[in-house]
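Since the structure comes first, as structure tokens, the remarks are kept for the end.
The values are calculated or read from the model by the stated rules, or taken from the named source; none is laboratory data. Small disclaimer: the values here were computed from a predicted structure and weren't measured. Quick reminder, even Gly has a Cβ in these numbers, built from the backbone with ideal geometry, and neighbours come from all protein chains shown.
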Amino acid sequence: MNSQRNSKLLRYARELATEFGADEAVAGVYIGGSVTAGLGSATSDADVFVLLRDDAPERPKMQQIARDGMRADVEFVRMAQANAMVAEVTDWHHENTGATEAWVPWTTLDFAVRLSYAEIVCPSPALSELHQTVKSRSDAIRQLAILRWALEANGHFEDFRGLYQDGDLDTAALVGVNVLMSAGKALAAGAGDVYMGEKWVYRQLARSVTRFPIDYFREMVSGRWTESPDGYQDFVHLAQTMLIAAASTGWSQPHAGQWRAWEPPSGMRRDPSVIPLRFSNGIGLNHELARQFLVKPYIGLAWGLATVGDEADFRKAVALHSLASTEYAGVAEELFVEARKQLIEHRLLG
């Protein structure tokens, strides 16, 4: 976004927020959207959130206000509802007992994420406490975002795989955009960049994942993989890599941006039917409606790094990537090597 326009838009949003904050029925006002997340475009609106006291008169859920070429979307949320949404997200804990438990409503997760990026204009004790809650529970928000995006990728991947098997490459390429977008959003979340808007995935990857192969990602999104005999396998490998990077190095700490193993497979490949899903109690290697494995995080990391080359290359990759998470403290290198062998035996690698 043009910095001059961004400054003008924020000034307008602050003025508008201040006007709403003067109402006695208002418990606090903040700006929270792509602009405060550093992702706005030349045509972005400002997002102003007005928190209402629970006994306030009824208001419309949203209204749009334009002034001097600037536009703001104003959302009205009662404090009880705001507290409930934040609690639903920050108290989240999910084991692999069924994906429905992870399906916190999209609007609820988005509300908490936007609040985490908030610029508070009209503070109050209630708003300050709510804001501090989302800041202090950033791990839970990041983890939920990783799983939500991975589940999105998994759902699109089943359609993608079926279309490819049918020989419908045009439709497969179209659905493939959603696979890679969802995987990219999971990766960005694993790097601590959790803003939910789908359209910002390129900018988030560019700013948050140090060595991400953005040109290669762009090529895969464009559908050019359909022109190569190995294109399908290369596409799947990239999607799997983004998801396992988030699951294995972005869960306990937001360190997925440090992932280095982006090269195409060197000899060994992963099972192309498997999508990794991260849960509170491990990493799921999921072949939908066929077979599922729940493995310890270090085994998931081994699955992610196994394609880098021979055993010596694998050991080097493990030594580098295991430093990204405290989950691997005390896990001996030999355990990773043994895990790789077991993954081959179970045909998850080959």
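Summary table below
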quantity	calculated
Exclusive hit being of a type in the set (D, E, K, R), outside any helix (DSSP H, G or I) and touching a Leu at 6+ places or on another chain (Cβ under 7 Å), set ARG260, ARG211	ARG260
Condition met for THR43 (within 15 Å of VAL134 (Cβ to Cβ) and among the polar types (S, T, N, Q))	no
All positions within region 214-245 that are of a type in the set (D, E, K, R) and in a helix (DSSP H, G or I)	ASP215, ARG218, GLU219, ARG224, GLU227, ASP234
Enumeration of residues in region 317-340 that are free of Cβ contacts under 8 Å to residues at least 40 places away in the same chain, in a helix (DSSP H, G or I) and loosely packed, with under 14 Cβ neighbours inside 10 Å	ALA319, LEU323, GLU333, GLU334, GLU338
Residue check, ALA72 surrounded by 15 or more Cβ atoms within 10 Å (Cβ to Cβ), out of contact with any helix residue (DSSP H, G or I) (no Cβ under 8 Å at 6 or more places or on another chain) and under 19 Å from TYR195 (Cβ atoms)	no
Members of region 24-47 found to be among the β-branched types (Val, Ile, Thr) and under 23 Å from the mean Cα position of the chain (by Cα), listed by number	ILE31, VAL35, THR36
Selected residue (only one of TRP92, TRP106 is surrounded by fewer than 19 Cβ atoms within 10 Å (Cβ to Cβ), out of contact with any strand residue (DSSP E or B) (no Cβ under 7 Å at 6 or more places or on another chain) and of a type in the set (Phe, Trp, Tyr))	TRP106
Residue list for region 306-350, filter: β-branched (Val, Ile, Thr) and closer than 21 Å to ILE275 by Cα	THR307, VAL308, VAL318, ILE344
In region 8-41, the residues that are in contact with a strand residue (DSSP E or B) (Cβ under 8 Å, 6 or more places away or on another chain) and of a type in the set (Asp, Glu)	none
Count of residues meeting criterion [in contact with a His (Cβ under 7 Å, 6 or more places away or on another chain) and exposed (fewer than 15 other Cβ atoms within 10 Å of the Cβ)] in region 168-183	0
Top-ranked residue in region 276-311 [being basic (Lys, Arg) and in a strand (DSSP E or B); ranked as modelled with the lowest pLDDT]	ARG291
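For (1) within 24 Å of ARG207 (Cα to Cα); (2) part of a strand (DSSP E or B); (3) not hydrophobic (A, V, I, L, M, F, W, C), each residue gets a yes or a no:
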position	(1), (2), (3)
ALA17	no, no, no
TYR30	no, yes, yes
SER44	yes, no, yes
VAL50	no, yes, no
